[in-house]
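The values are calculated or read from the model by the stated rules, or taken from the named source; none is laboratory data. Remember, it's a predicted structure, so these values are computed and weren't measured experimentally. Backbone-built Cβ (ideal geometry, glycine too); neighbour counts: all protein chains shown. Surface areas here come from the heavy atoms of the whole protein model, side chains and all, with no ligands, DNA or RNA. Shrake-Rupley method; radii C 1.70, N 1.55, O 1.52, S 1.80 Å.
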Amino acid sequence: MNSGVVVDLGKMEYRKAWDLQRRIGQALFQNQIPDVLLLVEHPPVYTLGKGAHGSYQNLVWDEAKRAQEGIAFVEVDRGGDITYHGPGQLVGYPILNLTRYGRDLHQYLRNLEEALIRALGDFGITAGRYPPNTGVWVGDEKIAAIGVKASRWITQHGFALNVAPNLEHFSGIIPCGIQDKGVTSMEKILGKHLTLDEVKPTVVQHLSSVFEIDFEEVSLSSLIDYAS
């Protein structure tokens, strides 16, 4: 088992978390810290990945409507097209050195999917893949989006699991540019409200199992001290 740390950031603005990922990734590349899993909940934001090739065609709501709904917009350096993050969604950023995990980005994506599929199974939700689309699906509705970047084999970005988000906010985009598929959540499927704190331990457990990482939970200040 490799060693790693989990940092629960709580609620954090998207750009701040993105900057934190880059700082942690640099420290990991310099072997100052072990592999890191960041868990976070973002205020409402649409993020546009490199897979959109600069096109806004899958952004449905205009600036005025986004402002009315309180949704920010950020162009990012991950793969994939456009997605949504918001309250009630568990976002995970594994910052891993893939030289320890086979240097295979496609397998990394499949492993993220596998961990989330297993975690959902523990809640009685039968989820799976929908090739060639990346992510985790329940039927033809996506329940978890995945978009990553790897530079010098250090990963950034990650997954967004819909626990109990405002699904209406997905109407403002064509999620991941896939026109004929829907979006769902754990809350919608189970017919009951779930908190992120109820879901986090199960997700961490299965990420640990799939990647064979022994995670220790630490504070952000401890991680920063570790790297300094």
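When residues in region 1-26 are screened for being among the small types (Gly, Ala, Ser), surrounded by 20 or more Cβ atoms within 10 Å (Cβ to Cβ) and over 18 Å from residue 203 (Cβ atoms), 1 of them pass.
Condition check ((1) part of a loop (DSSP other than H, G, I, E, B); (2) among the basic types (Lys, Arg); (3) over 19 Å from residue 215 (Cβ atoms); (4) in contact with a Leu (Cβ under 6 Å, 6 or more places away or on another chain)) across all residues:
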| residue | (1), (2), (3), (4) |
| --- | --- |
| 4 | no, no, no, no |
| 7 | no, no, no, yes |
| 19 | no, no, yes, no |
| 54 | yes, no, yes, no |
| 73 | no, no, yes, no |
| 79 | yes, no, yes, no |
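Selection within region 180-210: residues that are out of contact with any strand residue (DSSP E or B) (no Cβ under 6 Å at 6 or more places or on another chain) and outside any helix (DSSP H, G or I). The member of this set that is least open to solvent (accessible area, probe 1.4 Å) is 194. If you go through region 211-228 and keep only what is in a helix (DSSP H, G or I) and either open to solvent by 40 Å² or more (accessible area, probe 1.4 Å) or free of Cβ contacts under 8 Å to residues at least 40 places away in the same chain (or both), you end up with 220, 221, 222, 224, 225, 226.
Being among the β-branched types (Val, Ile, Thr) and either without any contact (Cβ under 8 Å) to a residue 24 or more places away in the chain or farther than 30 Å from residue 31 by Cα (or both) is the requirement here; does residue 174 meet it? Full working, then the answer.
Working: among the β-branched types (Val, Ile, Thr): yes; either without any contact (Cβ under 8 Å) to a residue 24 or more places away in the chain or farther than 30 Å from residue 31 by Cα (or both): yes.
Taking the combined requirement at face value, the residue satisfies it.
Does any residue of region 71-86 turn out to be open to solvent by 10 Å² or more (accessible area, probe 1.4 Å), more than 22 Å from residue 144 (Cα to Cα) and charged (D, E, K, R)? No: region 71-86 contains no residue that is open to solvent by 10 Å² or more (accessible area, probe 1.4 Å), more than 22 Å from residue 144 (Cα to Cα) and charged (D, E, K, R).
Please verify whether region 49-66 includes one or more residues that are under 16 Å from residue 87 (Cα atoms), aliphatic (A, V, I, L, M) and open to solvent by less than 70 Å² (accessible area, probe 1.4 Å). Checked region 49-66: no residue is under 16 Å from residue 87 (Cα atoms), aliphatic (A, V, I, L, M) and open to solvent by less than 70 Å² (accessible area, probe 1.4 Å).
Within region 149-170, is even one residue crowded, with 19+ Cβ neighbours inside 10 Å, of a type in the set (A, V, I, L, M, F, W, C) and more than 18 Å from the chain's Cα centre (by Cα)? Scanning region 149-170 turns up no residue that is crowded, with 19+ Cβ neighbours inside 10 Å, of a type in the set (A, V, I, L, M, F, W, C) and more than 18 Å from the chain's Cα centre (by Cα). Total residues in region 50-105 satisfying the condition of being among the polar types (S, T, N, Q) and under 21 Å from residue 17 (Cβ atoms): the figure is 3.
Exactly one of these conditions fails for residue 155: (1) farther than 27 Å from residue 32 by Cβ; (2) of a type in the set (Ser, Thr, Tyr); (3) touching a residue at least 60 places away in the same chain (Cβ under 8 Å). Give me its number. Failed condition: (1).
In this structure, residue 94 does not satisfy being loosely packed, with under 15 Cβ neighbours inside 10 Å and touching a residue at least 24 places away in the same chain (Cβ under 8 Å).
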